[in-house]
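Student: Sharing a structure here in structure tokens format.
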Amino acid sequence: MSRGNFSNKLGFIMAAAGSAVGLGNIWKFPYEVGIGGGAAFLLMYLAFCFILCFPVMVAEISIGRKTQRNAVGAFRALGFAKWSIIGKMGVASGVLILSFYNVVAGWAFGYFIEMLFGNFDISNHFGEYIGLEGTHAIKVVGYTIIFMISTSMIVSKGISGGIEKAARTLMPLLVIIIVSLILYSLTLPNAMKGIEFYLVPDFSKINFEVVYTALSHAFFSLSLGMGALITYGSYVSKQDNILSSAALITLADVGIAFIAGLMIFPFVFSQNIDPQEGPGLVFVALPKVFASLGAFWGQAIGSLFFLLLSFAALTSTVSLLEVPVSYVVDEHKMNRTKAVWLTSLVIFIIGIPSLLSQGASNFFTSFIWYGGADKAKDFLTLVEDIGINTFLPLGGLLTSIFTAYVWKTKNLSEEIAQGNSKYNGSLLMKLIDTAIVYICPVVLSGLFILIVLSKFFGIHIV
Ligand code: TRP
């Protein structure tokens, strides 16, 4: 049975960039920059993307293409069955991350509808909206379901038909609308204060929390550390150049996060919103901007923006679902359609507590207390802490250790050299080998230990 393939190199790049670009760039990144003190966070994030994540990305794609298997089977196919634990952890993180990602994507889709009908006032009721108060409940739950079903439909169509097509057309449109909004934002009073906050670093604001948030965000944003790119890599042709593909995916992701920040902070400062607002930042700041454009333009641009954000989220949820699905299809020989609907159902059910954890249910809203926090954390935050902040850096760390000390860089280089004949012996090869053998294992293991101690045990060593 054919597993399916991307139709060409561009198709792979668009799908992988589509996976990378999502809520992470436009919703999560700006609010983390806001909390992390602006430019200092931005710099840490950029450094992590290029120094630690890029080599891991190259390793993931190479492992996938070499073996043509899913995230679990790939390690077995290389002859190291024990290491397939990395893939199993990846499948688990995919399920966890998607369970809440889908909820936030539901909010974004809901805002598309609200903007379409000119309900800009929703920005003053974000808390009630996500708290499922009154009639919001039926809408938000409905949108979450619609979103999960759309993801499942795309994934069940397979590789080039579904995943690739969805990514190709929509991303350029998203860039155009963000750039137009940046130009508009710069005309507003106090815009420059926002730009200054975003681009002029104040290093006194860096503490360990900023460092590890930037680290796990770099992995999350590039869709790394859970085998998504092993899975996508398994559909890539042997003639493709892995390095240039990885470079383009990284640049697209970082570039879109960067311009999303350029768009948000002038708006935030011109409306006197606190940049530390948190997860509501984009949902509170943007509708106010759209309102200021007047009814017609506000509705048109506002709804288009949230529609494109929903599509960006969709090309990401597709990759999150593809990891468990390809595992079930390859390893348990289930047919694709059945695997998709079964996995989606499980993920949706696991996501219900997250859906209820933003105020709807007291139990899930004040769910658990750990890490010396001053108040109990909600269920969604717990899932984020496990799925994103713990599993992704750990997955990246183990992938680099596996590549360096088990599979060996010689084999990595051999795989990269297929499709890039000048690679062997090049300076680039030396840099990537150094990163994989020394920099990633050392830096990631150090940071990982510090993350776990501080996040879950409230022990702050630095
Ligand atoms: N990168 C996506 C975003 O920024 C989220 C995502 C999609 C993801 N697939 C992933 C994160 C795989 C980790 C692993 O929104």
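The values are calculated or read from the model by the stated rules, or taken from the named source; none is laboratory data. What you see is a predicted model, and the numbers here were worked out from it, not measured in a lab. Neighbour counts are summed over all protein chains in view; Cβ atoms, including those assigned to glycine, are modelled from backbone coordinates with ideal geometry. Just so you know, the surface numbers come from the protein's heavy atoms only, side chains and all, with ligands and any DNA or RNA stripped out. Shrake-Rupley method; radii C 1.70, N 1.55, O 1.52, S 1.80 Å.
Student: Round to a whole angstrom and tell me the spacing of the C-alpha centers of the range 180-249 and the range 44-72.
Tutor: The distance from the Cα centre of the range 180-249 to that of the range 44-72 comes to 15 Å.
Student: Additional query: Using 13 Å as the cut-off for backbone N distance, which residues of the range 26-44 belong to the label zone defined by a point 7 Å from the Cα of Gln276 along Cα→Cβ?
Tutor: The answer is 34-38.
Student: Over the range 9-457, what is the relative contact order in percent, taking alpha-carbon pairs closer than 8 angstrom and at least six residues apart?
Tutor: Values: 749 pairs, mean separation 146.0, N = 449.
The normalised contact order for the range 9-457 reaches 33 percent.
Student: Between Phe457 and Asn335, what FRET efficiency follows from the Cβ-Cβ distance if R0 is 25 Å, with the result rounded to 0.05? Provide the component values of the computation, followed by the final result.
Tutor: On the way: r = 44 Å, r/R0 = 1.77.
Taking R0 as 25 Å, the efficiency between Phe457 and Asn335 is 0.05.
Student: Next up: Give the aspartates and glutamates whose C-alpha is closer than 20 Å to that of Lys422, dropping any in the same chain fewer than 8 places away, or say none.
Tutor: Cα-Cα hits under 20 Å: Asp240, Glu414, Asp433.
Student: If you don't mind, there's one more thing I want to ask. Of the heavy-atom accessible surface of the range 9-457 (probe 1.4 angstrom), what whole percent is carbon and sulfur? Present the calculation step by step, with values, prior to reporting the outcome.
Tutor: Values: 11040 of 16130 Å².
Roughly 68 percent, rounded to a whole number.
Student: Within the range 21-64, name every residue whose backbone N is under 18 Å away from a label modeled 7 Å from Cα of Asn411 along the Cβ vector.
Tutor: Zone members listed by number: 56-64.
Student: Counting helices only, and only those DSSP H runs with n ≥ 4, report the 222 nm mean residue ellipticity of the chain as the sum of -39,500 (n - 2.57) divided by its residues, in deg cm²/dmol to the nearest 500.
Tutor: -22000 deg cm²/dmol
Student: Additional query: Is there a quick way to get the dipole size of the chain? I mean about its Cα centre, with the Cβ of Lys and Arg at +1 and of Asp and Glu at -1; what is the value in debye to the nearest 20? Each step should come with its number before you reach the end.
Tutor: Values: 27 positive and 24 negative charges, 315 e Å.
Rounded to the nearest 20 debye, it is 1520 debye.
Student: Just the accessible area per residue of the chain, please: how many Å² with a 1.4 Å probe?
Tutor: Details: 17260 Å² over 462 residues.
That works out to 37 Å² per residue.
Student: For Lys377, list long-range residues whose amide hydrogen, built 1.01 Å from N in the peptide plane, is under 5 Å from its own amide hydrogen.
Tutor: Answer set, sorted by chain and number: Phe367, Ile368, Trp369, Tyr370.
Student: Right, next: For the range 84-182, run through the chymotrypsin sites (Phe, Trp or Tyr not before Pro) and keep only the ones in DSSP coil with at most 11 other Cβ atoms within 10 Å of their Cβ.
Tutor: Details: sites: Phe100, Tyr101, Trp107, Phe109, Tyr111, Phe112, Phe117, Phe120, Phe126, Tyr129, Tyr143, Phe147; in loops: Phe117.
Filter output for the range 84-182: Phe117.
Student: So which lysines pass the test for Lys82, namely a Cα distance under 27 Å, with those fewer than 8 places away in the same chain ruled out?
Tutor: Of all the lysines, those that pass the test against Lys82 - Cα under 27 Å, at least 8 places apart if same chain - are Lys66, Lys238, Lys333, Lys408, Lys410.
Student: If we count trypsin sites (Lys or Arg not before Pro) as exposed when they sit in a DSSP loop and have at most 13 other beta carbons within 10 Å, what is the longest stretch of the chain that avoids them all?
Tutor: The answer is 1-237.
Student: Calculated FRET efficiency, Leu431 and Met192, Cβ-Cβ r, R0 45 Å, to nearest 0.05?
Tutor: Numbers: r = 38 Å, r/R0 = 0.84.
After rounding to 0.05, the efficiency reads 0.75.
Student: Under 20 °C and 1.002 mPa s, how fast does the chain diffuse according to Stokes-Einstein, given a Kirkwood radius computed over C-alpha pairs? Answer in µm²/s, whole number.
Tutor: Details: Rh = 22.2 Å.
Answer from the Stokes-Einstein relation: 97 µm²/s.
Student: Return the lysines within reach of Lys193: Cα separation strictly under 20 angstrom, same-chain partners fewer than 8 residues apart disregarded; answer none if there are no such residues.
Tutor: Lys205, Lys288
Student: Right, here's the next one. Pull out the extension gain between Asn362 and Ala295, defined as 0.36 nm times the separation in residues minus the alpha carbon to alpha carbon distance; nm, one decimal. Kindly include the intermediate steps, with their values, before the conclusion.
Tutor: On the way: separation 67, 0.36 × 67 = 24.12 nm, distance 3.73 nm.
The span from Asn362 to Ala295 would gain 20.4 nm if fully extended.
Student: Which helices of the chain meet both criteria: a Cα extent of 15 Å or more along the helical axis and a mean Kyte-Doolittle score no lower than 0.0, with helices taken as whole DSSP H segments? Mind showing how you got there, number by number?
Tutor: On the way: long enough: 9-20 (16 Å, 1.23); 54-67 (20 Å, 0.61); 84-116 (46 Å, 1.36); 136-156 (30 Å, 1.47); 165-185 (32 Å, 1.78); 208-221 (19 Å, 0.99); 242-270 (43 Å, 2.04); 281-292 (17 Å, 1.93); 295-332 (53 Å, 1.14); 336-356 (30 Å, 1.52); 440-457 (24 Å, 2.23).
TM-like helix candidates: 9-20, 54-67, 84-116, 136-156, 165-185, 208-221, 242-270, 281-292, 295-332, 336-356, 440-457.
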